[in-house]
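J.: Following this message is one structure expressed as structure tokens.
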Amino acid sequence: MKIFNTLTRRKEEFKPITPGKVGIYVCGPTVYDYIHIGNARPMIVFDTLRRYFEYKGYEVNYVSNFTDVDDKIIKRAIADNVPSEVISERYIEECRKDMKALNVRPATTHPQATKEIPDMIEMVNTLIEKKHAYEKNGTVYFRTRSFPDYGKLSHKNIDDLESGHRDEAHQLKVSGEDEKEDNLDFVLWKPKKEGEPSWGSPWGDGRPGWHLECSVMSKKYIGGTIDIHAGGEDLIFPHHENEIAQSEAANGTEFARYWMHNGFLKIDNEKMSKSLGNFFTVREICEKYDPQVVRFFMLSAQYRSPLNFSEELIIASKNSLERILTSAEKLHDIINNPASAESLKDGEAEIIDGVKPFIAKFEEAMDDDLNTADAVSAVFELVKYINLKTTADVSKALAAELYKTLETLTDVLGIIIEKKEDSLDEEVEKLIEERQQARKNKDFARADEIRDKLLAMGIELKDTREGVKWKRI
Ligand SMILES: [Zn+2]
């Protein structure tokens, strides 16, 4: 598999540190509110990467953190008049619900910054011992110029950064960071302010800087060198650059071998922002659209390209997904039809063989830097083939084989084709039965009434030769 590595700006063949295994670290959200639709893109994209590695037989250690100590959380806690852990725990729970709705599997580990403080203090100590960090009045800073490779991920020149920082000198004085040796230095540990959560440390009570969290948690749960570090492209600088500096200075080994960054998500061709009024949470979007459609939409573009979110495009995704689900349902009906032949008929083995080019095309697309857009096209070609080859008289064995192939590929994308048998289904089945009875009794008024009731519930009925079928509209 080839991966575009932000570090080298090239597509490179992926080679794991340990054969058959892959460690992936993805920067997770700061939990001070419901996650927004921009947060959902890396979650969905890198969950798909994980699924594809598993499909290829890798054992995946997938780690994604929750940043649960941060200025935004503290601000929210003060506004709501509750301790800050009440806010972070609440929104971790809400985030897990949104992930589940989007069929994003829980990570192997979801570390939380506040539960890893001793390891963070240890890393700061190591950096001070190695002269990569220093303390001034309870604040510990990383000595950026002590790390010669600084800027290697964002491809920035350290002297250009320095001149950019000069203009900020005034702001630094305001934020109390004027004791730095150098404007480029960044905070590893900050002292406690009144009313803020804090932990004891050799430099007094305080809390860790944001960048430090990921360096410590990725080391603890994956190792000193990780295979893939991923996140949104807005994290390249300074967050990921600082993570590299801290980790490589402290550990003396390469931090991450491959860096993957997803592109921005725009809303109606504009940058998402609260001031423009186009800021949406995943919860709001999923109230309007099926979360599965949202996931499918996110995979309709290659992850590095910018993606535009609009009503029109979501509806197009809904219709596309519908084509896949209808094909799966058709196979499902053949499998469940008592009249279908059990075993393969003459010529059906060849039909099964015929799916191979679509699988190859799917893998080729995914192997090319996770090109989900082309992978989705391969699934559509498979659907077209299935629709062409499955006449009503094919065997259950053929339908089951085709279903399995379709299910395997869509599962890599995190799309569920299996029909949900939920409580609504039961209610619908009961009403359909009642309607059939009413028709038998020639009570057509009641039959029509039930049909209208179902329609109001978003259920459309269709009378077919095999009986009454229903679908959600
Ligand atoms: Zn991070």
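The values are calculated or read from the model by the stated rules, or taken from the named source; none is laboratory data. Values in this document were obtained by computation on a predicted structure and should not be read as measured data. Virtual Cβ from ideal backbone geometry, glycine too; neighbours counted across all protein chains shown. Surface accessibility is based on the protein's heavy atoms, side chains included, excluding ligands, DNA and RNA. Shrake-Rupley method; radii C 1.70, N 1.55, O 1.52, S 1.80 Å.
J.: With no solvent and one point per C-alpha, what does the Debye sum give as log10 I(q)/I(0) for the stretch 223-335 at q = 0.14 Å⁻¹?
T.: Values returned for q = 0.14 Å⁻¹ are -0.77.
J.: Now for a different question. Order Glu233, Glu94, Glu311, most accessible first, counting only protein heavy atoms with a 1.4 angstrom probe.
T.: The ranking, largest first, comes out as Glu311, Glu233, Glu94.
J.: For Lys440, tell me the accessible area in Å² from a 1.4 Å probe, rounded to the nearest 10.
T.: The accessible area comes out at roughly 150 Å².
J.: Right, next: What's the angle, to the nearest 10 degrees (0 to 90), between helix 423-440's Cα axis and the longest principal axis of the chain?
T.: Compared with the principal axis, the helix lies near 20 degrees.
J.: How much length, in nm to one decimal, is gained on full extension between Lys100 and Ile416, taken as 0.36 nm per residue of separation minus their Cα-Cα distance?
T.: Once the chain is fully extended between Lys100 and Ile416, it gains 112.5 nm.
J.: On a 0 to 90° scale, report how tilted helix 311-336 is relative to the longest principal axis of the chain, with both axes built from alpha carbons and the result rounded to the nearest 10.
T.: Between helix and principal axis, roughly 50 degrees.
J.: Once you keep just the Cα pairs under 8 angstrom separated by 6 or more residues, what percentage relative contact order results for the chain?
T.: Relative contact order for the chain comes out at 16 percent.
J.: Per residue, how large is the accessible surface of the stretch 49-102? Use a 1.4 angstrom probe and give square angstrom.
T.: I get 47 Å² per residue for this part.
J.: Now a separate question. With N set to the residue count of the stretch 216-289, report its C-alpha Rg divided by 2.2 N^0.38 Å to two decimal places.
T.: That ratio works out to 1.49.
J.: P(r) for the stretch 285-401: what percent of alpha-carbon pairs falls in each 5 Å bin, starting at zero?
T.: Reading the bins upward from 0: 2, 11, 18, 17, 17, 14, 11, 7, 3, 1.
J.: Here's something else I'd like to know. Tell me the mean residue ellipticity at 222 nm calculated for the chain from its helices only (DSSP H runs of n ≥ 4, each -39500 (n - 2.57), averaged over every residue, nearest 500).
T.: -15000 deg cm²/dmol, from helical runs alone.
J.: Per residue, how much accessible area does the stretch 408-458 show when a 1.4 Å probe rolls over the protein heavy atoms, in square angstrom?
T.: Value returned for the stretch 408-458: 66 Å² of accessible area per residue.
J.: Taking all pairs of different Cα atoms in the chain, averaging 1/r and flipping that mean, what Kirkwood radius in angstroms comes out?
T.: Computed over Cα pairs of the chain, the Kirkwood hydrodynamic radius comes out at 25.4 Å.
J.: Could you tell me which of rounded, prolate or oblate describes the stretch 46-168, using a ≥ b ≥ c as the square roots of the eigenvalues of the alpha-carbon gyration tensor, with rounded for a/c under 1.5 and, failing that, prolate when a/b is larger than b/c and oblate otherwise?
T.: Taking the square roots of the gyration eigenvalues as a ≥ b ≥ c, the stretch 46-168 is oblate.
J.: Right, something else. Compute the distance in nm between two label points, each set 7 Å from the Cα along the Cα-to-Cβ direction, one at Glu179 and one at Lys152.
T.: With each label placed 7 Å out from Cα toward Cβ, I get 3.2 nm.
J.: Could you sort Glu429, Glu381 by accessible area so the largest value comes first, with the probe set to 1.4 Å?
T.: Output order, biggest surface exposure first: Glu429, Glu381.
J.: Give me, ordered by chain and number, the residues 5 or more places off Gly28 or on other chains with an amide H under 5 Å from its own placed amide H.
T.: Asn65
J.: Given a Förster distance of 30 Å, report the FRET efficiency between Ser273 and Arg9 from their Cβ-Cβ distance, rounded to the nearest 0.05.
T.: 0.55
J.: First compute the accessible area of the stretch 189-257 with a 1.4 Å probe, then give the percent of it belonging to carbon and sulfur atoms.
T.: The nonpolar share, carbon plus sulfur, comes to 47 percent.
J.: In whole percent, how big is the carbon plus sulfur part of the accessible area of the stretch 336-467, probe 1.4 Å, protein atoms only?
T.: 50 percent
J.: Continuing with the same structure: Against the longest alpha carbon principal axis of the chain, how many degrees, from 0 to 90 and to the nearest 10, is the axis of helix 210-221 turned?
T.: Compared with the principal axis, the helix lies near 70 degrees.
J.: Work out, step by step, the length gained on full extension between Asp71 and Glu311: first 0.36 nm times the residue separation, then minus their alpha carbon distance; give nm to one decimal.
T.: 83.0 nm
J.: Which pairs in the list Lys190/Lys288; Lys21/Lys152; Lys2/Lys345; Lys219/Lys356; Lys21/Lys345 are over 31 Å apart, alpha-carbon to alpha-carbon?
T.: Result: Lys190/Lys288; Lys2/Lys345; Lys219/Lys356; Lys21/Lys345 exceed 31 Å.
J.: Quick check on my link table: of Lys192/Lys274; Lys130/Lys220; Lys115/Lys274, which ones sit more than 22 Å apart, alpha carbon to alpha carbon?
T.: Among Lys192/Lys274; Lys130/Lys220; Lys115/Lys274, the Cα-Cα distance tops 22 Å for Lys192/Lys274; Lys115/Lys274.
J.: Ala456 to Asn337: FRET efficiency via 1/(1 + (r/R0)^6), r the Cβ-Cβ distance, R0 25 Å, to the nearest 0.05?
T.: About 0.25, to the nearest 0.05.
J.: In the chain, what % of DSSP beta bridges are antiparallel (nearest 5)?
T.: 50 percent
J.: Let me ask another. How much area per residue is accessible in the stretch 211-362 when the probe is 1.4 Å and only protein heavy atoms are counted (Å²)?
T.: On a per-residue basis, the stretch 211-362 sits at 44 Å².
J.: May I ask you to give the percent of accessible area on the stretch 23-76 that is carbon plus sulfur, with a probe radius of 1.4 Å?
T.: C and S fraction of accessible area: 43 percent.
J.: Which FRET efficiency value, to the nearest 0.05, is calculated for Lys318 and Asn137 with the Förster distance at 60 angstrom and r the Cβ-Cβ distance?
T.: My answer for the efficiency is 0.60.
J.: I've got another one for you. Arg439 to Glu85: extension gain in nm, 0.36 nm per residue of separation minus the Cα-Cα distance?
T.: 121.5 nm
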